1. Please list, in order along the stretch 106-114, the HN-Hα scalar couplings obtained from phi with the Karplus expression 6.51 cos²θ - 1.76 cosθ + 1.60 (θ = phi - 60°), rounded to whole Hz, x for Gly and Pro.
2. Using only helices, what value at 222 nm comes out for the chain when you add -39,500 (n - 2.57) per DSSP H run of length 4 or more and divide by the total residues, to the nearest 500 deg cm²/dmol?
3. For residue 111 and residue 32, what does the FRET efficiency come to when R0 = 35 Å and r is the distance between their Cβ atoms, rounded to the nearest 0.05?
4. Applying the Karplus parametrisation 6.51 cos²θ - 1.76 cosθ + 1.60 with θ = phi - 60° to the phi angles of the stretch 115-125, what ³J(HN,Hα) value in whole Hz is obtained for each residue in order, glycine and proline being reported as x?
5. Mind pulling the angle between the C-alpha long axis of helix 17-67 and the longest principal axis of the chain? Nearest 10 degrees, somewhere in 0 to 90.
6. Classify the chain: rounded, prolate or oblate, from the alpha-carbon gyration tensor (a ≥ b ≥ c, eigenvalue square roots; a/c under 1.5 rounded; otherwise prolate if a/b is larger than b/c)?
7. Explain nothing, just the number: dipole magnitude of the chain about its Cα centre with +1 on each Lys and Arg Cβ and -1 on each Asp and Glu Cβ, in debye rounded to the nearest 20.
Amino acid sequence: MQRERARFVAHDRGFSLVEVMVALVVLSVGLLGIAALQGQGLGASRVAMYRTVAVNLAADMAERIRVNRLAGSVYGDEDAATDYGCDPETGEGDDCTPAEMAAHDLFVWQQLIESQLPGGSGRVEFTDGTPPVYTITVEWEETGIGATSYTTEIEVPDV
C-alpha cells in the first residue's frame, strides 16, 4: 500500500501540458487587452492634443481682435486674409492701417491653423451690435472621427 502511494505521489509532480497551455492562453488574452488599451490611450491623447491646439488658436485670434478693435468687420471677411507684412514682432508694418493689420492677422492665423491641425481651417464671423460679437471657429479632421470643430464667441466693445 505504501508502494502504491509513493508511485501515485511521483506522478503528481510538475504541470501537465494542458495546464501550461491554459495559462498561456490566459496570459495572451491579458496582454492583448493591455495592447488594445495602449492603442486607445494614444488615440485619446492625440485627440486631446488637437483640441488643445484648436482652443489655443481660437484664443490667439480673440487676442488679435481685442488688440485691433478698430478693424471691426474686416475680421469677418473671409476673403480679407492677405499678407501685408504687418508683423509687430519683427517691427515691420508700423504704417499698416487697422484693416490691413486685421487682414494680416487673418492670413497669419490661417497659416498657423493649416500647419498645426490636419485639414485645418478657421473663420471669424462678425455680428454688428453693441458690443460687436465675433464668432471664432477652428475646424480640422480627426482620425477615426472625421470633421471636428471648436467655436467660441467674444464680445469686443469699441474703444
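1. In residue order, the calculated couplings are 4, 4, 5, 4, 5, 5, 4, 4, 5 Hz.
2. Computed mean residue ellipticity for the chain: -18000 deg cm²/dmol.
3. Between residue 111 and residue 32 the formula returns 0.20.
4. Once rounded to whole Hz, the list reads 7, 9, 10, x, x, x, 8, x, 8, 10, 10.
5. Helix 17-67 sits at roughly 10 degrees to that axis.
6. Verdict is prolate for the chain.
7. Numbers: 10 positive and 25 negative charges, 453 e Å.
Magnitude of the dipole: close to 2180 debye.
Here, each number is a calculation from the coordinates, and none is a lab measurement. Worth saying up front: this structure is predicted, and the values here are computed from it rather than measured. Positions of Cβ are generated from backbone atoms using ideal geometry, with glycine treated the same way; all protein chains shown enter the neighbour counts.
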